[in-house]
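To start, the structure under review is shown below, and the notes come after it.
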Amino acid sequence: MDKSEGAVGAEIKNIKSDEVLSLELWDYDYMSRNDKLGLFTMLVNEKGGPFRTDMLAQNDHGAKYSLEWEVR
């Protein structure tokens, strides 16, 4: 099992309290067509973190991705 980690460092502004934010994860490569791997859904209802959200997979590859995020 590969448990590699990577930092993205993205900042999303103008999110309101109790808003649901959805982020899609895609695989872009030259070997095959672009694949949508899944969707992260986060309820932004309090400041702090780090929070962790697991991806809802939209394929049958069996991959699992988690996203760690904070609200400032």
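Computed from the coordinates by the stated procedures, all read-outs in this text should not be read as laboratory data. Since the model is a prediction, treat every value here as computed from it, not as a measurement. Glycine gets a Cβ as well: all are built from the backbone with ideal geometry, and neighbour counts include every protein chain shown.
Within segment 44-72, the residues that satisfy the criterion of being in contact (Cβ under 8 Å) with a residue 24 or more places away in the chain and either among the basic types (Lys, Arg) or more than 18 Å from Leu25 (Cβ to Cβ) (or both) are Val44, Asn45, Glu46, Lys47, Val71, Arg72. Kindly indicate whether any position in segment 2-18 is surrounded by 10 or more Cβ atoms within 10 Å (Cβ to Cβ) and in a strand (DSSP E or B). No: zero hits.
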